[in-house]
Amino acid sequence: MKTTVASVVFLEALEFLDDFVISLQRQDCQEFDVLLINDNIPMDMLTDRLKKYRLSFTDRVHIADESTHKLLPFELRIELLYEALTEGIELLILLDCDDMAKSNRVSEVVKQYDEKYDFYYNDIFLFNGKRAMPKLPKITNKIDYLLEHNYLGISNCAINMKHIRKDFVESLREGTTQVFDWYLFSRMLLSGMTGKYIGDTGTYYRIYADNTAGIPKHTVRGFEKERDVKLKHYGLLKKYDERYRKLIGKYENLDISRYKLRTDSGLYFWWGMLSEWGDE
């Protein structure tokens with residue numbers, strides 16, 4: 001089975017690239033290639049950076065250079081999926097370039113792979129080793145799981161590319177989305193796809209203010225940010241399920257003042273502060 005670890009790399013996260021690559025070099029199974037979609041790093045800078053790593057590793061790295069195309073974040077990830085289809089990749093393991101994989105992530109995904117599933121997901125940990133999210137379900141097979149929060153991030157998921165069609169990937173361009181991972185896996189579930197939990201491994205997630213989700217903050221601004229993201233997300237998906245129209249009405253009329261403001265260091269589920277997990 002042709003297995004590849006893939007990521008979008010960008011200049012603003014270049015300082016974390018060493019951690020990303022080291023976590024791949026330390027995988028206890030090295031039967032995989034690496035696909036990098038280059039957003040905005042000068043190619044000579046990126047290739048020079050890769051020369052510092054073991055030749056046996058860099059020989060397996062394929063770079064798709066998009067640095068002159070000025071693509072939006074969601075467009076870069078669509079190009080990643082297209083590249084995977086073009087290259088005939090069968091198992092696509094995703095990892096953000098500012099995160100790290102546990103040393104057995106590739107081997108566990110391959111070992112627990114089951115042909116009948118369309119995607120796979122594992123636990124997320126902070127860099128201090130603490131679990132970042134509550135216990136994840138063993139199977140994700142309906143959109144109910146992701147209606148008002150998300151736990152399927154690019155960095156903790158893998159995709160069975162044998163089940164992905166080019167026309168499905170093309171349809172992802174329908175609307176500009178700020179949170180592509182939530183949109184992608186919602187669309188997969190709405191298309192009847194099913195995901196399987198991969199235990200005994202994990203992804204180390206780098207949580208900081210500049211990444212897409214940011215640091216969840218139980219503040220008025222934090223709640224407003226989540227509401228705005230949800231309204232845009234629901235607007236993109238309302239034609240696929242009537243429940244999204246109802247959620248738009250709910251969040252347009254939401255009284256944020258009823259939510260308790262507090263200091264929190266946990267991640268919980270992405271975009272879950274205003275759902276039942278954060279409503280107090």
Criterion: of a type in the set (Ser, Thr, Tyr) and open to solvent by 10 Å² or more (accessible area, probe 1.4 Å) - qualifying residue of 113, 121: 113
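If you scan segment 37-57, which residues turn out to be of a type in the set (Ser, Thr, Tyr) and in contact with a strand residue (DSSP E or B) (Cβ under 8 Å, 6 or more places away or on another chain)?
Step one: list which residues in segment 37-57 are of a type in the set (Ser, Thr, Tyr), which gives 47, 53, 56.
If the condition is that a residue be of a type in the set (Ser, Thr, Tyr) and in contact with a strand residue (DSSP E or B) (Cβ under 8 Å, 6 or more places away or on another chain), then 47 is the only one that fits.
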Residue under evaluation residue 242, criteria (1) of a type in the set (D, E, K, R); (2) modelled with pLDDT of 95 or more; (3) open to solvent by less than 30 Å² (accessible area, probe 1.4 Å), criterion not met: (3)
Unmet requirement for residue 201, which otherwise passes all of (1) in a helix (DSSP H, G or I); (2) under 30 Å from residue 24 (Cα atoms); (3) in contact with a helix residue (DSSP H, G or I) (Cβ under 9 Å, 6 or more places away or on another chain): (1)
Subset of segment 29-62 [of a type outside the set (Phe, Trp, Tyr), touching a helix residue (DSSP H, G or I) at 6+ places or on another chain (Cβ under 7 Å) and surrounded by 13 or more Cβ atoms within 10 Å (Cβ to Cβ)]: 29, 34, 35, 37, 38, 39, 40, 41, 49, 50, 58, 61
Failed criterion for residue 132 (all others in (1) modelled with pLDDT of 95 or more; (2) within 15 Å of the chain's Cα centre (by Cα); (3) among the hydrophobic types (A, V, I, L, M, F, W, C) hold): (1)
Segment 143-173: number of residues that are in contact with a Ser or Thr (Cβ under 9 Å, 6 or more places away or on another chain) and assigned to a loop (DSSP other than H, G, I, E, B): 6
Residue 92 open to solvent by less than 10 Å² (accessible area, probe 1.4 Å) and either modelled with pLDDT of 95 or more or at negative phi (or both): yes
Single residue of segment 180-215 satisfying the filter (at pLDDT below 95 and aliphatic (A, V, I, L, M)) that is farthest from residue 151 (Cα to Cα): 209
Hey, residue 107 in contact with a Cys (Cβ under 7 Å, 6 or more places away or on another chain), under 17 Å from residue 202 (Cβ atoms) and either surrounded by 18 or more Cβ atoms within 10 Å (Cβ to Cβ) or at pLDDT 95 or above (or both) or not: yes
Odd one out for residue 72 among (1) more than 21 Å from the chain's Cα centre (by Cα); (2) open to solvent by 50 Å² or more (accessible area, probe 1.4 Å): (1)
Residue check, residue 60 more than 26 Å from residue 171 (Cβ to Cβ), basic (Lys, Arg) and touching a strand residue (DSSP E or B) at 6+ places or on another chain (Cβ under 7 Å): yes
So residue 226, is it surrounded by 15 or more Cβ atoms within 10 Å (Cβ to Cβ), modelled with pLDDT under 95 and among the acidic types (Asp, Glu): yes
Qualifying positions in segment 5-23 - surrounded by fewer than 22 Cβ atoms within 10 Å (Cβ to Cβ) and among the polar types (S, T, N, Q): 23
Every residue from segment 49-65 that is of a type in the set (Asp, Glu) and under 14 Å from residue 11 (Cα atoms): 65
Hey, residue 26 touching a residue at least 40 places away in the same chain (Cβ under 8 Å), among the basic types (Lys, Arg) and exposed (fewer than 15 other Cβ atoms within 10 Å of the Cβ) or not: yes
Sole residue being open to solvent by 50 Å² or more (accessible area, probe 1.4 Å) and either closer than 18 Å to residue 102 by Cα or modelled with pLDDT of 95 or more (or both), chosen from 160, 141, 150, 156: 141
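The values are calculated or read from the model by the stated rules, or taken from the named source; none is laboratory data. None of these values were measured; they are calculated from a predicted model. A quick note on method: Cβ atoms are made from the backbone with ideal geometry, for glycine too, and the neighbour counts reach across all protein chains shown. Accessible surface areas use protein heavy atoms only, side chains included; no ligands, DNA or RNA. Shrake-Rupley method; radii C 1.70, N 1.55, O 1.52, S 1.80 Å.
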